[in-house]
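The values are calculated or read from the model by the stated rules, or taken from the named source; none is laboratory data. Note that the structure is a prediction, hence the values are computed from the model and not measured. Using ideal geometry, Cβ is built from the backbone for each residue, glycine included, and neighbour counts are taken over all protein chains shown.
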Amino acid sequence: MANIKNEYNINEYIVECEPDSQNLLLAAKIAVEETAKLYGPIFTRMVSEYALQFEAEKLKESPPENIHGLEAVTNYILSNLNRYPRGYDALIYGIARADRELQGSTGSGSRRAAYSGMKSVLEGSGLLNSVIGTTEDVFEAICKAQEINKAVKTAVPSRQIRGENNQVIIVVPNCAYKDACDALLKEGTSRLVGGMECIYLIITNAGAEIITKKHLDYRLDEYGKTECKGRIFEV
């Protein structure tokens, strides 16, 4: 398991790893279940339907008519990870799409989903209590969360750069969540506060909030074919 440092006297933290698709999928499933407590059963139904459509499209087949509900859809995605390794993007897309349909944009639902998914990862590692509230430095908090993510194989290759005023610049090459983001961009999905949604930033932001116990926000500055860039900051 990860050996979490007490401080990070560096200005750049690089994550080099290969995430485990199954672990990311299960974290996304937990995120759906927790967010459904906010919206009710309709949220789970909508996410499941959108995720099934997304997955089937990636597999270049028609959505199976006999698959209904979150459990069945998750198992369908799980059984096809050998054909589409980024199957977790189907559930992630479903979360953002359902949130948009219910609110007109991604907002509290997506943030709750990211927070719940990130918290489940930290709790599952057994290290949540050892890091929560240990720092108010956003960069350090992100580094700690990423070490845990690496240990449980849910980390995504990225660079975290310490900025001014407790900001953190995030650079993500060939993002593991890009399939979901591409679909959302094509549909014109945006954040409630304006600007494009970013799956990596919202998840990383959630981890930093859990550890620092601060209210933070994020902004996607550049969205590219091979690299995205954004920032996380105090509000």
Looking at segment 1-51 only, could you name the residues that are of a type outside the set (F, W, Y) and touching a Phe, Trp or Tyr at 6+ places or on another chain (Cβ under 7 Å)? S21, L24, L25, A28, T35, A36, A51
Determine the pairs where a residue that is aromatic (F, W, Y), located within segment 98-125, has a partner that is assigned to a helix (DSSP H, G or I) with Cβ atoms under 8 Å apart, the partner being 6 or more residues away or on another chain. Y115/A206; Y115/E209; Y115/I210
Among E49, E55, which is the only one that is surrounded by 15 or more Cβ atoms within 10 Å (Cβ to Cβ), touching a helix residue (DSSP H, G or I) at 6+ places or on another chain (Cβ under 7 Å) and either assigned to a helix (DSSP H, G or I) or touching a residue at least 40 places away in the same chain (Cβ under 8 Å) (or both)? E55
Evaluate the following for V193: is it aliphatic (A, V, I, L, M), in a loop (DSSP other than H, G, I, E, B) and over 22 Å from E12 (Cα atoms)? yes
What pairs come up if the first residue lies in segment 153-181 and is within 13 Å of G224 (Cβ to Cβ) and charged (D, E, K, R), the second is in a strand (DSSP E or B) and modelled with pLDDT of 95 or more, and their beta carbons are under 8 Å apart, counting only those six or more places apart or on different chains? K178/C228
Pairs only if they're at least six apart or on different chains, beta carbon under 6 angstrom, first in segment 1-30 and over 28 Å from A72 (Cβ atoms) and modelled with pLDDT of 95 or more, second among the small types (G, A, S) and surrounded by 15 or more Cβ atoms within 10 Å (Cβ to Cβ); list them, first residue then second. V15/A155; V15/S158
Name the single residue, out of those in segment 156-190 being charged (D, E, K, R) and assigned to a strand (DSSP E or B), that is nearest to the chain's Cα centre (by Cα). R159
Consider only pairs whose beta carbons are under 6 Å apart and that are at least six residues apart or on different chains; among these, list those whose first residue lies in segment 212-228 and is part of a strand (DSSP E or B) and whose second residue is polar (S, T, N, Q) and surrounded by 14 or more Cβ atoms within 10 Å (Cβ to Cβ). L216/N205; Y218/N205
Quick one: is V121 over 23 Å from Y223 (Cα atoms), among the aliphatic types (A, V, I, L, M) and within 15 Å of the chain's Cα centre (by Cα)? yes
Name the single residue that is farthest from Y50 (Cα to Cα) among those in segment 174-202 being in contact with a Leu (Cβ under 8 Å, 6 or more places away or on another chain) and surrounded by fewer than 20 Cβ atoms within 10 Å (Cβ to Cβ). G195
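In segment 203-235, which residue that is at pLDDT 95 or above and out of contact with any helix residue (DSSP H, G or I) (no Cβ under 9 Å at 6 or more places or on another chain) is surrounded by the most Cβ atoms within 10 Å (Cβ to Cβ)? Give the steps one after another, and end with the answer.
At the first step, the residues of segment 203-235 found to be at pLDDT 95 or above are 203-223, 227-234.
Next cut, out of contact with any helix residue (DSSP H, G or I) (no Cβ under 9 Å at 6 or more places or on another chain) only: 213, 221-222, 227, 229.
Working: K213: 12, D221: 15, E222: 9, E227: 13, K229: 18.
Checking each candidate, the answer is K229.
Among helices (runs of 4 or more DSSP H) lying entirely in segment 79-155, which contain 1 or more residues that are touching a Gly at 6+ places or on another chain (Cβ under 6 Å) and surrounded by 23 or more Cβ atoms within 10 Å (Cβ to Cβ)?
88-103, 108-125, 138-151
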